Structures are given as structure tokens and as C-alpha cells.
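A short write-up of the structure that comes next.
Rule-based calculations on the coordinates, nothing more; no lab input. The structure displayed is predicted, hence computed values, not measured ones. All Cβ positions, even for glycine, are placed from backbone atoms using ideal geometry, and neighbour counts span all protein chains on display.
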Amino acid sequence: MNKTLIIGATSAIAIATARLWASDGDPLYLVARDVGKLEATANDLKTRGSSQVEFQVMDVLEHSRHLAVIEEATARLGGLDRVLIAHGTLPDQAACQADIELSRRELEINCLSTFSLLTHLANLFESKGSGTIAVLSSVAGDRGRQSNYLYGTAKGALSLFLQGLRNRLYPSQVNVITIKPGFVDTPMTDTFPKGLLWAQPERVAADIYKGINKGRDIIYTPFFWRYLMWVIKAIPEPLFKRLSL
């Protein structure tokens, strides 16, 4: 069994992934902002087979609490083997273009808060000499597009941070995994028109579950996004800037 901390535990992808771990009997410690959703998620995971489910309320912007929450999770679970960081928002690009303070807040949520959490977790697992850190980034971070470049900036910076962290922690036998979903049908995207490229959270969770078990460095999910983003990244800039993407 893997003692697992999940931050952003009430997001659709996190819940779907936690259910797979619960079916393995893994002990879970859940962190999110909404106590009602946390209680409901904890009860659901208990019925699905988790040997232990604990939870704590935290807003990821409370940087001063990050270390204490990680230490509390470690104490309550009797150790820590694996972490999934899955919190985030989907910014309104037009609104961010008009308001730098809104842009700053979105970057704090989607990028800087995760840097803070990762710094504490990296030090913990490095001293231990083992563990897995898996983080939800996005294919949006692979190339800046006019429709969501604020979000893409946050996820691109996060992916680069994880790449460096993976390099740093490799000698300590700590796995750092970057998860890059494409379009996922979740409450965060409920107003978007859906098409063939959209996936359900359960599909993404299955890819995360399998990729973590195999020790992948980067998980594109569904798999075809790896090839779609290869094509998008290969478009020359003089042509790309003329596209409405």
C-alpha cells in the first residue's frame, strides 16, 4: 500500500484517481478548500476500500500552512509514499488581459502555490530517499496560444519546474511525474462545447494510475495529445502567429 497525499482532492480528476487507489486499499489524506466536498469524497473513498481516509481544509494560497499540512498528513498516515497535486483554475483569458491583478492571482493559484508545495515535498522525499510526486500540468503549457496564454504560461512554467526537479531528485530515487491532460469534461469546463478530443475524468485517471505505477516521467492523457502537441510545437512561428488557436 502507498500512503498518499492528494492536494486539490475534490477536483474531478483527483477524485477519479483516488477511487482507483482506494480500490487498492491505499491510505489517503485529502486536502481541498471545501469541507463539505471533502467529507463526501472521504466517505466515498472509504466505501471503495481505502484502509484509511483523513482530510484537512486548506486554500493553496495559504503558503504559510503548506509545510504544516504536509507534516500533518505524514504524521496521520504514518509516513508518506506518494503525492498527487491536482488543484487549479481555468482563467478567463479576456478578463486577465484587462486586469493584471487577476492575472497575478491566477498565476499564484496555478503556478506559484504549487512551487511552494513542491519545494517542501522535494526536501521531504529527498531526505527519505524514495517517493513519488505527481503533478497535474496541461498540454496548454507546451505552446502559447492567444486563447489561453495566461493559463499556458502557468502550466508551462510548472512543467519546466518539474523537469528541473526530476533532474535534481533522480539520484535520490524520487519519481517526479508531469501529467499533461488535454481537454477533460469536468465542472471547470462545463460551459465549453465538447467534441471528439474531449475525455472523461475516469479515462484520465486510468492513465495517471497506470503511468505512476510504471514510473513514467511525463504522462500525456489521453495518449494522442503527445502527437497532437508534437505537431503544434513543430509549426514555425511566422505561420503559427497567424493562426486563431
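Quick one: grab the alpha carbon gyration tensor of region 138-223, order the square roots of its eigenvalues as a ≥ b ≥ c, and give me rounded if a/c is under 1.5, else prolate or oblate depending on whether a/b is larger than b/c. Intermediate values should be presented prior to the final figure.
Numbers: a/c = 3.07, a/b = 1.41, b/c = 2.17.
Judged from the Cα gyration tensor, region 138-223 comes out oblate (a/c at least 1.5, b/c at or above a/b).
For the chain, what does -39500 (n - 2.57) per DSSP helix run (n ≥ 4), summed and divided by total residues, give at 222 nm, in deg cm²/dmol to the nearest 500? Display every interim value, and only then the final one.
On the way: 10 runs with 115 residues, N = 245.
The helix-only estimate for the chain comes to -14500 deg cm²/dmol at 222 nm.
Contour minus end-to-end for Asn43 and His120, with contour as 0.36 nm per residue of separation and end-to-end as the Cα-Cα distance?
On the way: separation 77, 0.36 × 77 = 27.72 nm, distance 2.85 nm.
Gain on extension, Asn43 to His120, equals 24.9 nm.
Using alpha-carbon positions, what is the distance between the centroids of region 34-105 and region 169-220, in Å?
When both Cα centres are located, 17 Å separates them.
Between Gln97 and Arg65, how many nm apart are label points set 7 Å from Cα along the C-beta direction?
In this crude spin-label approximation the distance works out to 3.6 nm.
Could you tell me which label, among [x] 35, 19, 16; [y] 41, 22, 12; [z] 29, 19, 19, carries the value of semi-axes √(5λ) of the Cα gyration tensor in Å calculated for this structure?
Recomputing semi-axes √(5λ) of the Cα gyration tensor in Å here gives the entry labelled [z].
Please compute the net charge surrounding Glu72, taking Lys and Arg as +1 and Asp and Glu as -1 over other residues with Cβ under 10 Å from its Cβ. Let's see the in-between values first.
Working: positive: Arg65, Arg76; negative: Glu54, Glu71.
Summing Lys/Arg as +1 and Asp/Glu as -1 gives 0.
Rounded to the nearest 0.05, what FRET efficiency do Arg104 and Gln146 have when you use their Cβ-Cβ distance and R0 = 35 Å?
Details: r = 20 Å, r/R0 = 0.57.
Efficiency computed from Cβ-Cβ geometry: 0.95.
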